[in-house]
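Participant: So that we are looking at the same thing, I have put the structure below in structure tokens.
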Amino acid sequence: MPSTRHATPPDPPEILDELTHILSVVRTNCHITDALHATDYTLCVYLLKMREYYRWEHGIPFNAPIPKEALSSWVAGREALWNTLEGESFGSIPLSTRLHDPFDADPINKALNSMGYVYSSGLGRNMRPHFFLGALEQRREYKGYTLYISGKEYARDLAAPPAMSLGRMIFIRRESLRRMLWERIEEWRWNRPANAMQKALECYDFDNAPEEALEQMTERETRSLLLHEIGEVMAGEELGSAWEDLLSEMPHCKAELMMRAVRDHLADALSTLPGLLDEADPASLHFYFANLASLRKMLFPSLLAAYAHWEQTGDLDRLVQLTEAGRNHWMSLARDIVSLNRDCEDDLQHKITTLVESSTF
């Protein structure tokens, strides 16, 4: 039976009278997630995320400084709170005179949507639970998917992923997206390298109108996020349960990271890149390549070469052709990985790693 113990809401941006108790439970569940997974980050990333988490809780504008002493005191207090939650179970969500499992998002959402709110829960990278409660801006059908777009957030965890998919439901969190974009901008400003991120930011006027530029960027990247989440659902439908079962059993290791990179490439070949190339919007294309992780770059060097060709010539044909070829390549590789799992009796991690490293494209 999940625990009914709740943490005191921490300086909330706003308390909703009709949701006070629900809000307390969701926030506590967020704290329990953070207590379990805050140490997953490197120290530098952890401090950056804590700073932005403090900014969110206290409603501090992006371009305003954060008081260092107050931040340090808040971090110490938050870590102390997490210590008290060690071993706690996630609380059930009280709605309509009954308790709902916090991961049973569909009936919770049906009740909250009619009140103008949206709730999401699920498992992200490394099986990390995520919870959030926000204001519902849009709910609509999109190409066979139910799309929820949230605005102001009232409960979130440290990671606060800007998008998640549950079955054929897709959640886009605009406030978390804005914060993620701001973090990326801040990271780039530390050294200001001449790279794809610089090209993306040059499409906006961050120097003279940062708030307007951030809103424009958020609007563009909401579309990109939607394309990627649709790709994730499509990839899951193509690969089936055998892939998910293998990934869930895999420890955090090089093979697991490679499997996730392969799936991300497949999702992008199925939906993200076709959509971005069809729109041919330079800002979103540059931002896509700015956010490719090192491992994904290593596995798909020809994609970077095609991007460089587009930068130099303005010709998208190589990217279009490579996306189509990549769809077959990553699908075939993913299926080969599943076959390895069926055929190998030992040393599966090494064999997956060797297979993927020998299949760069």
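The values are calculated or read from the model by the stated rules, or taken from the named source; none is laboratory data. Everything quoted here is computed from the prediction, not taken from an experiment. Please note: Cβ atoms are built from the backbone with ideal geometry, for glycine as well, and neighbour counts cover all protein chains shown.
Matching residues to (1) among the aromatic types (Phe, Trp, Tyr); (2) surrounded by fewer than 16 Cβ atoms within 10 Å (Cβ to Cβ); (3) modelled with pLDDT of 95 or more:
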| position | (1), (2), (3) |
| --- | --- |
| ASP264 | no, no, no |
| LEU273 | no, no, yes |
| GLU279 | no, yes, no |
| LEU285 | no, no, yes |
| TYR288 | yes, no, yes |
| ASN291 | no, yes, no |
| SER294 | no, yes, no |
| ALA306 | no, no, yes |
| GLN312 | no, yes, no |
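Participant: For residues that are at pLDDT 90 or above and farther than 14 Å from LEU133 by Cβ, tally how many sit in the range 1-36.
Facilitator: Residues meeting the conditions: 3.
Participant: While we're here: Within the range 37-54, can you find the residues that are free of Cβ contacts under 8 Å to residues at least 60 places away in the same chain and not hydroxyl-bearing (Ser, Thr, Tyr)?
Facilitator: Selection gives LEU43, CYS44, VAL45, LEU47, ARG51.
Participant: Okay, moving on. Out of all the residues in the range 103-148, which are surrounded by 14 or more Cβ atoms within 10 Å (Cβ to Cβ), in a strand (DSSP E or B) and polar (S, T, N, Q)?
Facilitator: Listed by number, the residues that qualify are SER120, SER121, THR146.
Participant: Is it the case that PRO161 is part of a loop (DSSP other than H, G, I, E, B), in contact with a Phe, Trp or Tyr (Cβ under 6 Å, 6 or more places away or on another chain) and surrounded by 14 or more Cβ atoms within 10 Å (Cβ to Cβ)?
Facilitator: Working: part of a loop (DSSP other than H, G, I, E, B): yes; in contact with a Phe, Trp or Tyr (Cβ under 6 Å, 6 or more places away or on another chain): no; surrounded by 14 or more Cβ atoms within 10 Å (Cβ to Cβ): yes.
Judged against the criteria, PRO161 is not a match.
Participant: Inside the range 171-254, counting only helices (runs of 4 or more DSSP H) that do not spill past its ends, which hold 1 or more residues that are within 26 Å of ALA64 (Cβ to Cβ) and of a type in the set (Phe, Trp, Tyr)?
Facilitator: Working: elements: 174-191, 196-201, 210-249.
Of the helices (runs of 4 or more DSSP H) lying wholly inside the range 171-254, those with at least 1 residues that are within 26 Å of ALA64 (Cβ to Cβ) and of a type in the set (Phe, Trp, Tyr) span 174-191.
Participant: Here's something else I'd like to know. So MET298 clears everything in (1) under 24 Å from LEU239 (Cβ atoms); (2) in contact with a helix residue (DSSP H, G or I) (Cβ under 8 Å, 6 or more places away or on another chain) except one condition, right? Which one?
Facilitator: Looking at each condition in turn, MET298 falls short on (2).
Participant: Assess whether ALA235 counts as being surrounded by fewer than 21 Cβ atoms within 10 Å (Cβ to Cβ) and of a type in the set (A, V, I, L, M, F, W, C).
Facilitator: no
Participant: Among what's in the range 143-196 and is among the polar types (S, T, N, Q) and in contact with an Asp or Glu (Cβ under 8 Å, 6 or more places away or on another chain), pick the residue that is nearest to GLY231 (Cα to Cα).
Facilitator: Step by step, filter the range 143-196, then rank; the result is SER165.
Participant: While we're here: Can you tell me which residue among MET250, MET258, MET217 is in contact with a helix residue (DSSP H, G or I) (Cβ under 9 Å, 6 or more places away or on another chain), buried (at least 22 other Cβ atoms within 10 Å of the Cβ) and closer than 23 Å to THR360 by Cα?
Facilitator: Details: MET250 fails: buried (at least 22 other Cβ atoms within 10 Å of the Cβ); MET217 fails: closer than 23 Å to THR360 by Cα.
After applying the criteria, what remains is MET258.
Participant: Quick check on this structure: which one of LEU299, LEU333, LEU319 is farther than 24 Å from LEU247 by Cβ and surrounded by 15 or more Cβ atoms within 10 Å (Cβ to Cβ)? Steps first, answer last, please.
Facilitator: Values: LEU299 fails: farther than 24 Å from LEU247 by Cβ; LEU333 fails: farther than 24 Å from LEU247 by Cβ.
Just one listed residue meets the conditions, LEU319.
Participant: Mind checking which residues of the range 68-97 are modelled with pLDDT under 90 and over 28 Å from TYR117 (Cα atoms)?
Facilitator: Those that are modelled with pLDDT under 90 and over 28 Å from TYR117 (Cα atoms): GLU86, GLY87.
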